[in-house]
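The values are calculated or read from the model by the stated rules, or taken from the named source; none is laboratory data. This is a predicted model, so every value here is computed, not measured. A quick note on method: Cβ atoms are made from the backbone with ideal geometry, for glycine too, and the neighbour counts reach across all protein chains shown.
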There are 2 protein chains.
Amino acid sequence: MAGRPIGDSDPDPWKGRYAARTAGLSASEVRALFAVASRPEVVSLAGGMPFVSALPTELVTGSVDRVLRERGPVALQYGSGQGDPTLREQILEVMALEGIRGRAADVVVTTGSQHALELLAKLFLDPGDVVLAEGPSYVTALVVFRSFQADVSHVLMDEHGLVPDALRERIAALAAAGRVPKLLYTVPTFNNPAGVTLSADRRREILQIARENGILVIEDNPYGLLYFGSPPPDALRSIDDGIVYLGTFSKTLAPGLRVGWALAPSDIRDKLILANEAAVLSPSSFTQLVVSEYLDTADWRAQIATFRGVYEARRDALLAALAEFLPDLHWTIPDGGFYVWLTLPEALDASAMLPRAVADLVAYTPGSAFFADGNGRNNIRLSFSYPTPEFIREGIRRLASVIDAEKAAFARG
Amino acid sequence: MAGRPIGDSDPDPWKGRYAARTAGLSASEVRALFAVASRPEVVSLAGGMPFVSALPTELVTGSVDRVLRERGPVALQYGSGQGDPTLREQILEVMALEGIRGRAADVVVTTGSQHALELLAKLFLDPGDVVLAEGPSYVTALVVFRSFQADVSHVLMDEHGLVPDALRERIAALAAAGRVPKLLYTVPTFNNPAGVTLSADRRREILQIARENGILVIEDNPYGLLYFGSPPPDALRSIDDGIVYLGTFSKTLAPGLRVGWALAPSDIRDKLILANEAAVLSPSSFTQLVVSEYLDTADWRAQIATFRGVYEARRDALLAALAEFLPDLHWTIPDGGFYVWLTLPEALDASAMLPRAVADLVAYTPGSAFFADGNGRNNIRLSFSYPTPEFIREGIRRLASVIDAEKAAFARG
């Protein structure tokens, strides 16, 4: 077996044999640190994990029992590459809450909405293609685009979301360089990581710009139903049925089931089904039927309202703690979702500060993770979805002292 | 919304915007026919669906209840991109039955082993790369390779599996054309679709050839534990720990759970985890914990023995029916798995004959689906896993009369 050592420290015998795209799939530098940050004594404001303990387990147990008792052989068998027909009808009801009218025939169920994004990237992106995205944008979307050798071009976002003029300018600048963006990837509602929401007026304007320029819009909307107070503007897909919409049960039910979906124009839908079949044959029949049974028998709207209450209390705790411990800094104020975007003093580097933070038992995600271009150096994403309000306050107290120490260290040079 | 019609019959407004690889993802011509073939009056020998009704539902229900009661918040939450650590340990026990010794640290859990194959293709295949595979080979592997713009080069297989000299010759012929194959994809045990098994001697020889030529072997082994009579030779991975091994619970438990895995050399494992995270964030915690609980509490070895008995009886029914109704034809004799490979008279075209067969209420998969190069025209894959022995006999009776009619039509010109 010469030439094929398998010890972890030996050189990779397959180096040079990987596809060119694989160079884009490198382990992030903060990965090792996050393993440390999962210790219980660390307050983690890093991950975007939903608080699934707010879901009564009996609701799921009841659904599973009925599925296995009444439709066991179907639940345990291969399904179709498009997903269960009844579940696809029910998904229409979920999307209707955000103003979307569609056909079950245009829904493709995927292994979380993440997989829909991976499949769309596979279907659309040639090496060197340009994807437009908010700056900052969802980190694992950036990983997916990079893994298909596309270039992400960020567009300015403010507290009302993507800035239409900035989008126009970016498209013009790319055109001047001979490049036409293929996709606009956007998380318009309770943006991950920025927490901001695209205003109703801008929604029409952004869609209009995309149409005029032949850019396919991918609307990724995991958080839209988790609003605090009044609902956000209707989804982009409610205005334009020519775009692709991604939804998921990961935040309104449970991510461990891995059930998400795409609603897509028919031609794209056809290709998504084929890509889904190639990738996984069919998404899990079992988890699809469990979700379907849950939607059929549980008061899922009330459960979403429960989640809203949980996350609103945590958002409030985070905002209060920021006002108390870091009053001089700037942060976004989310009306829903999981995230606040914090801006550190210009001199500080959030990635460089992270080891100190973890040593002081608080973790966050550095802002640069959400940019493909090195921006976000002095930003931090704070996630309030998982820790209790008390832990959130304690986490921000620790973060403030870390920032103080880092500022002092910087001042000393 | 000019330029973005969504009606099914309108031209695709995104035509010309798809990635080059997407051209390889076309719907198969037999697809529409298979929709018809799923009607209950049709005896389908086409699909490779396991007979999940042979699994007592209580075994799964019990596992699910315990998982939700005891580890609900973990089962419903995101997991890791590598998969549950306990399940990965248990997978070692499953693989040990086929002589494999590995480390749980080198196992990556995937959404069925199909997804491991998709991820490996993404990691290794640049456009124009060559993948060696048995002729015939698993149809959805061919789809995956094509979807990454690789060329599949088939290697002759006989009743003892891949022919080593044919492999040497194919590599030499490719080298003469300036091409070095990157991967050898093989289903060595109870091959899909041919039903044959690579002999023990040839296993060493094939691995030796791959090593000498720097070709990464991917051993896909969904059927190895489903043997009739004595066990097959140990897995390729038991001989060479430098290869990638793919396993699944789809045939020994239930495909609806979508739990499979790869066992890979550490460097490849690292990249597989990153690719898995990009594609789905993490495989379903819920279905992983259900499988883990099932392995922990059920007599899973006895259940596999039950499956063996079910499939052996069906294999016997198929072979008896072939001897009774089609005595002049040639077919393979599988010692396990799901498939028999039937050779029609030279003059017949199995694809062209399929509409007639479906009209006469029997379905099969045409052999050409299992070749990337147009071969297999007069072959048929018969799957005996799903229909009862009685239906299998009736299906072959119908098939014989379809073949007779087709021969008569051919003789008439």
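If we keep just the residues of region A:258-270 that are closer than 22 Å to residue A:235 by Cβ and part of a helix (DSSP H, G or I), which is farthest from the other protein chains (Cβ to nearest Cβ)?
A:269
May I ask you to say which residue of A:413, A:395, A:367, A:376 is modelled with pLDDT of 95 or more and at positive phi?
Sole residue among the options that is modelled with pLDDT of 95 or more and at positive phi: A:376.
Would you confirm whether or not region A:290-297 contains a residue that is within 14 Å of chain B (Cβ to nearest Cβ), modelled with pLDDT of 95 or more, under 30 Å from residue A:67 (Cβ atoms) and surrounded by fewer than 22 Cβ atoms within 10 Å (Cβ to Cβ)? If you could, list the steps in order and put the result at the bottom.
The initial filter retains those residues of region A:290-297 that are within 14 Å of chain B (Cβ to nearest Cβ), namely A:290-294.
Then keep just the ones that are modelled with pLDDT of 95 or more; that gives A:290-294.
Okay, now just the ones that are also under 30 Å from residue A:67 (Cβ atoms), so A:290-294.
Within this subset, residues satisfying the condition of being surrounded by fewer than 22 Cβ atoms within 10 Å (Cβ to Cβ) are none.
Checking region A:290-297: not a single residue is within 14 Å of chain B (Cβ to nearest Cβ), modelled with pLDDT of 95 or more, under 30 Å from residue A:67 (Cβ atoms) and surrounded by fewer than 22 Cβ atoms within 10 Å (Cβ to Cβ).
Those residues that are closer than 17 Å to residue B:278 by Cα and not hydrophobic (A, V, I, L, M, F, W, C), I need them from region B:80-112; list them, please.
Listed by number, the residues that qualify are B:80, B:81, B:82, B:83, B:110, B:111, B:112.
Kindly evaluate residue A:269 against the criterion of being touching a residue at least 60 places away in the same chain (Cβ under 8 Å), surrounded by fewer than 24 Cβ atoms within 10 Å (Cβ to Cβ), touching a strand residue (DSSP E or B) at 6+ places or on another chain (Cβ under 9 Å) and under 23 Å from residue A:89 (Cβ atoms). Talk me through it step by step, then tell me what you get.
Details: touching a residue at least 60 places away in the same chain (Cβ under 8 Å): yes; surrounded by fewer than 24 Cβ atoms within 10 Å (Cβ to Cβ): yes; touching a strand residue (DSSP E or B) at 6+ places or on another chain (Cβ under 9 Å): yes; under 23 Å from residue A:89 (Cβ atoms): yes.
Criteria met by residue A:269.
So which of A:275, A:254, A:359, A:350 ends up being under 18 Å from the mean Cα position of the chain (by Cα) and hydrophobic (A, V, I, L, M, F, W, C)?
The match here is A:254.
Could you tell me which of the residues B:287, B:306 is within 10 Å of another protein chain (Cβ to nearest Cβ), among the hydroxyl-bearing types (Ser, Thr, Tyr) and part of a helix (DSSP H, G or I)?
B:287 is the lone residue from the list that is within 10 Å of another protein chain (Cβ to nearest Cβ), among the hydroxyl-bearing types (Ser, Thr, Tyr) and part of a helix (DSSP H, G or I).
Does region B:345-367 contain any residue that is closer than 30 Å to residue B:199 by Cα and surrounded by fewer than 15 Cβ atoms within 10 Å (Cβ to Cβ)?
Checked against the condition, which is being closer than 30 Å to residue B:199 by Cα and surrounded by fewer than 15 Cβ atoms within 10 Å (Cβ to Cβ), region B:345-367 yields at least one hit.
Among the candidates B:321, B:357, B:352, B:347, single out the residue that is under 28 Å from residue B:222 (Cα atoms) and either outside the structural domain of residue B:228 (by the TED database) or of a type outside the set (A, V, I, L, M) (or both).
B:321
Quick one: in region A:11-28, of everything that is small (Gly, Ala, Ser) and not in a loop (DSSP other than H, G, I, E, B), which residue is modelled with the lowest pLDDT?
A:24
Hey, does region A:242-251 have a residue that's under 16 Å from residue A:99 (Cβ atoms) and either without any contact (Cβ under 8 Å) to a residue 24 or more places away in the chain or surrounded by fewer than 24 Cβ atoms within 10 Å (Cβ to Cβ) (or both)?
Among the residues of region A:242-251, at least one is under 16 Å from residue A:99 (Cβ atoms) and either without any contact (Cβ under 8 Å) to a residue 24 or more places away in the chain or surrounded by fewer than 24 Cβ atoms within 10 Å (Cβ to Cβ) (or both), which makes the answer yes.
Please work out if residue B:260 is over 30 Å from residue A:31 (Cα atoms) and assigned by the TED database to the domain that holds residue B:223.
Against the criterion (over 30 Å from residue A:31 (Cα atoms) and assigned by the TED database to the domain that holds residue B:223), residue B:260 does not qualify.
Of the residues that make up region B:45-67, is at least one assigned by the TED database to the domain that holds residue B:338, modelled with pLDDT under 95 and aromatic (Phe, Trp, Tyr)?
no
Of all residues in region B:374-389, which are in contact (Cβ under 8 Å) with a residue 60 or more places away in the chain and either assigned to a loop (DSSP other than H, G, I, E, B) or more than 25 Å from residue B:134 (Cβ to Cβ) (or both)?
The answer is B:375, B:376, B:384, B:385, B:386, B:387, B:388, B:389.
Do we find a residue being hydrophobic (A, V, I, L, M, F, W, C), over 20 Å from residue B:78 (Cβ atoms) and touching a helix residue (DSSP H, G or I) at 6+ places or on another chain (Cβ under 8 Å) anywhere in region A:301-312?
no
Surrounded by fewer than 21 Cβ atoms within 10 Å (Cβ to Cβ), assigned to a helix (DSSP H, G or I), more than 12 Å from chain A (Cβ to nearest Cβ) and of a type in the set (Asp, Glu): does that describe residue B:41?
Answer is no for this residue.
Filter region A:191-204 down to the residues that are surrounded by 17 or more Cβ atoms within 10 Å (Cβ to Cβ) and in a helix (DSSP H, G or I) and list them by number.
Within region A:191-204, A:202, A:203 qualify.
List the number of the failed condition for residue B:145; all other conditions in (1) at the interface with another protein chain (Cβ under 10 Å from one of its Cβ atoms); (2) of a type outside the set (D, E, K, R); (3) within 17 Å of residue B:245 (Cβ to Cβ) hold.
Going through the list (1) at the interface with another protein chain (Cβ under 10 Å from one of its Cβ atoms); (2) of a type outside the set (D, E, K, R); (3) within 17 Å of residue B:245 (Cβ to Cβ), residue B:145 breaks only (3).
Just to confirm my filter: which strands (runs of 3 or more DSSP E) fall fully inside region A:106-185 and include at least 1 residues that are surrounded by fewer than 24 Cβ atoms within 10 Å (Cβ to Cβ)?
A:130-135, A:151-158
Condition check ((1) in contact with a Ser or Thr (Cβ under 6 Å, 6 or more places away or on another chain); (2) modelled with pLDDT of 95 or more; (3) farther than 25 Å from residue A:26 by Cα) across all residues:
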site	(1), (2), (3)
B:111	yes, yes, no
B:124	no, yes, no
B:129	no, yes, no
B:132	yes, yes, yes
B:137	no, yes, yes
B:163	no, yes, yes
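Hey, can you tell me all the residues within region B:349-373 that are among the hydroxyl-bearing types (Ser, Thr, Tyr) and part of a loop (DSSP other than H, G, I, E, B)?
Of everything in region B:349-373, just one residue is among the hydroxyl-bearing types (Ser, Thr, Tyr) and part of a loop (DSSP other than H, G, I, E, B), namely B:364.
Please work out if residue A:85 is modelled with pLDDT under 95 and more than 30 Å from residue B:182 (Cβ to Cβ).
no
Residue-by-condition table, conditions (1) within 12 Å of another protein chain (Cβ to nearest Cβ); (2) in a helix (DSSP H, G or I):
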site	(1), (2)
B:219	no, no
B:224	no, no
B:229	no, no
B:232	no, no
B:237	yes, yes
B:242	yes, no
B:245	no, no
B:251	yes, no
B:256	yes, yes
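Please count how many residues of region B:121-141 are more than 10 Å from every other protein chain (Cβ to nearest Cβ) and within 20 Å of residue B:272 (Cα to Cα).
Qualifying residue count for the region: 1.
Could you look through region A:48-91, keep only residues that are at the interface with another protein chain (Cβ under 8 Å from one of its Cβ atoms) and assigned to a loop (DSSP other than H, G, I, E, B), and pick out the one that is surrounded by the most Cβ atoms within 10 Å (Cβ to Cβ)?
If we take residues in region A:48-91 being at the interface with another protein chain (Cβ under 8 Å from one of its Cβ atoms) and assigned to a loop (DSSP other than H, G, I, E, B), then A:50 is surrounded by the most Cβ atoms within 10 Å (Cβ to Cβ).
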